[in-house]
1. If I ask for residues that are of a type in the set (A, V, I, L, M, F, W, C) and modelled with pLDDT under 95, which ones from the range 35-63 would you list?
2. Using beta carbons and a limit of 6 Å, which pairs, at least six apart or on different chains, have the first residue in the range 56-71 and in contact (Cβ under 8 Å) with a residue 40 or more places away in the chain and the second one open to solvent by 40 Å² or more (accessible area, probe 1.4 Å) and part of a loop (DSSP other than H, G, I, E, B)?
3. If we keep just the residues of the range 124-140 that are in a helix (DSSP H, G or I) and free of Cβ contacts under 8 Å to residues at least 40 places away in the same chain, which is most open to solvent (accessible area, probe 1.4 Å)?
Amino acid sequence: MIIAGGGWLAYGGAGNINGLLVPAKAPTSDSLSAAFLICGADRHVNCVVDGDTFWFQGEKIRIADIDTPELSPPRCETERIKGEAAKARLLALLNGGTFSLSAGLRDEDKYGRKLRTVTRAGRSLGATLIDEGLARRWDGARHGWCG
């Protein structure tokens, strides 16, 4: 390794050292979009399942940075109401313009859903749902919404 490093320096590698120190960046332009609807029994293309899950281009996506109230089944009426509101808001957010998807440390969850952070103009759509009280930051475990 020392010999390889010395060769790199001898042939001008030191002039490029700044490029090695730049951290990786998220996509700078949002280029994804679709006309999303609510998923149904026969609909699994570009549709919203619930407040943190949707189908996009044939893949089931679980928004990696949030948890929203369950709808299948909800554990109480409060959870159902908030879950329906989160689902409707995610539908509006996805239809609100182009967005980007980025993978995190894990590609899929145990159900085979792709784990992705959804952003628009560098801001997480999940963070928007959190700010509006319709989601919680995902901490690795589900927590109740019933009180």
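The values are calculated or read from the model by the stated rules, or taken from the named source; none is laboratory data. Please read all numbers here as calculations on a predicted model, not as lab measurements. Don't worry about glycine lacking a Cβ; one is built from the backbone with ideal geometry, like all the others, and counts go over all protein chains shown. Side chains included, ligands, DNA and RNA excluded: accessible areas come from the protein's heavy atoms. Shrake-Rupley method; radii C 1.70, N 1.55, O 1.52, S 1.80 Å.
1. The answer is Ala41, Val45.
2. From the range 56-71, the pairs are Asp65/Trp138; Ile66/Trp138; Asp67/Trp138.
3. Asp131
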